[in-house]
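The structure under discussion appears below in the form of structure tokens.
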Amino acid sequence: MEQKNNSGTIFRNAKKETAQAPDYSGTATVGEKKFRIAGWINKSKTGSNYLRILFTEIIEQPQAGLPAQQSRLEMGSGNRLEMGSGNVDSVMIDDLPF
């Protein structure tokens, strides 16, 4: 399935083996660039559920046999999306388990 620009798909991680593994994962295409998406369901201090997300750019290498380089992008603090009753908070790179 080919993704259209500025769209993506995430799925529940049915094979989650550790607490640090994302609850959701998938891919997106934004501005003609491809990204991996990881999402964790969290609870805020006030008890509201929210989805914390991480975008990792997929950079394809021209040489065969080399692993793709990845760069982590932080979602700006002004970007908030509604999901159910909670908010999607900005990604905090230092809080991630890897």
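The values are calculated or read from the model by the stated rules, or taken from the named source; none is laboratory data. Because the structure is a prediction, the values reported are computed rather than measured. Here Cβ is always computed from backbone atoms with ideal geometry, including for glycine, and neighbour counts include all displayed protein chains. Surface accessibility is based on the protein's heavy atoms, side chains included, excluding ligands, DNA and RNA. Shrake-Rupley method; radii C 1.70, N 1.55, O 1.52, S 1.80 Å.
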### Query
So which strands (runs of 3 or more DSSP E) are wholly in the range 4-44 and hold at least 2 residues that are over 20 Å from Ile59 (Cα atoms)?
7-12, 33-43
#### Entry: Of all residues in the range 18-47 being more than 29 Å from Glu2 (Cα to Cα), open to solvent by 50 Å² or more (accessible area, probe 1.4 Å) and among the hydroxyl-bearing types (Ser, Thr, Tyr), the one that is nearest to the chain's Cα centre (by Cα)
Thr18
### Subset of the range 5-17 that is open to solvent by 50 Å² or more (accessible area, probe 1.4 Å) and more than 16 Å from Arg52 (Cβ to Cβ) - its residue that is modelled with the highest pLDDT
Phe11
### Message
Any residue in the range 1-15 that is within 11 Å of Lys34 (Cα to Cα) sitting within a Cβ distance under 9 Å of a residue that is aliphatic (A, V, I, L, M) and open to solvent by less than 50 Å² (accessible area, probe 1.4 Å)? List the pairs, counting only those 6 or more apart or interchain.
### Response
Gln3/Ala28; Asn6/Ala28; Ser7/Ala28; Gly8/Ala28; Gly8/Ile37
